[in-house]
Amino acid sequence: MAVKQAIADRPTAAEVMQDAAVIPVIVLQDPAHAVPLARALVAGGIRMLEVTLRTPVALACIEAIAKEVPEAVIGAGTVRSASDAQAAALAGARFAVSPGYTRAVGKACHDLGLALLPGVATGSEIMMAQEDGYTALKFFPAMQAGGPAMLKAWHGPFNDVRFCPTGGVTLQNAREFLALPNVACVGGSWLTPADALAAQDWARVTRLAGEAAALPRK
Ligand code: 3PG
């Protein structure tokens, strides 16, 4: 694995998207899985980790990873409100990802000094996020909302925006996204399958992360 540069305590959204070809979207049901899972992903070459705020244990998992896996850069996903952003930052999250964009979430992350990858699926949403200073965006749900063809169309009017398509992305279709000039990385849950977590099969997670980290990109 290539030696990676040290990352600032609070990376920028561009740094979060540039670090590896894939940002794993992680849903944790058991806090005991958080630290070994994060270590398994880092061992495979992926250190930007998005733990979604979708389960009651998510904040505890973020806190555990922040404290015990310093090689990882832990972020919070599914941030839908200012209070989600505040709770995530308090737990130790170093970046945030949202499934959509609101001014309240954008302002909260800005005030907290937390990089945000806002989710967008339309031109108007891109324009609103851009007005608030966000130019590194998550395209969600990527496959359902138009896939690579949508990103090709957006490259005309929004050629100063970089995207992280997420939603329906797989190891197979990731290549097509990553070949696009306006795609910095992709996001996806395929690196952390629920059955691998339930079986605590960390070697499988490391293997999946290694495959993802080796994906070619522009
Ligand atoms: C999500 O927020 O659920 C992500 O987009 C993950 O989608 P996926 O499970 O299709 O990778």
Looking at Ala40, Ala14, Ala20, which one is touching a residue at least 40 places away in the same chain (Cβ under 8 Å), assigned to a helix (DSSP H, G or I) and surrounded by 18 or more Cβ atoms within 10 Å (Cβ to Cβ)? Ala40
Need pairs with beta-carbon distance below 9 Å; first residue at positive phi and touching a residue at least 24 places away in the same chain (Cβ under 8 Å) and within segment 75-86, second part of a loop (DSSP other than H, G, I, E, B) and open to solvent by less than 20 Å² (accessible area, probe 1.4 Å); sequence gap 6+ or separate chains. Thr78/Ser98
Filter segment 47-76 for residues that are within 14 Å of the ligand (Cβ to nearest atom) and farther than 16 Å from Leu112 by Cβ; the one that is surrounded by the fewest Cβ atoms within 10 Å (Cβ to Cβ) is Arg54
Consider Gln144 carefully, then state whether it is at pLDDT 95 or above and in a loop (DSSP other than H, G, I, E, B). yes
For Gly168, state whether it is within 12 Å of the ligand (Cβ to nearest atom) and open to solvent by less than 10 Å² (accessible area, probe 1.4 Å). no
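Please indicate, with yes or no, whether at least one residue in segment 171-180 is part of a loop (DSSP other than H, G, I, E, B) and either farther than 19 Å from Val73 by Cβ or more than 16 Å from the chain's Cα centre (by Cα) (or both). Spell out the reasoning first.
Of all residues in segment 171-180, those part of a loop (DSSP other than H, G, I, E, B) come to 179-180.
Restricting the remaining residues to those that are either farther than 19 Å from Val73 by Cβ or more than 16 Å from the chain's Cα centre (by Cα) (or both) gives 179-180.
Checked against the condition, which is being part of a loop (DSSP other than H, G, I, E, B) and either farther than 19 Å from Val73 by Cβ or more than 16 Å from the chain's Cα centre (by Cα) (or both), segment 171-180 yields at least one hit.
The values are calculated or read from the model by the stated rules, or taken from the named source; none is laboratory data. These numbers come from a predicted model, not from an experiment. Backbone-built Cβ (ideal geometry, glycine too); neighbour counts: all protein chains shown. Accessible surface areas use protein heavy atoms only, side chains included; no ligands, DNA or RNA. Shrake-Rupley method; radii C 1.70, N 1.55, O 1.52, S 1.80 Å.
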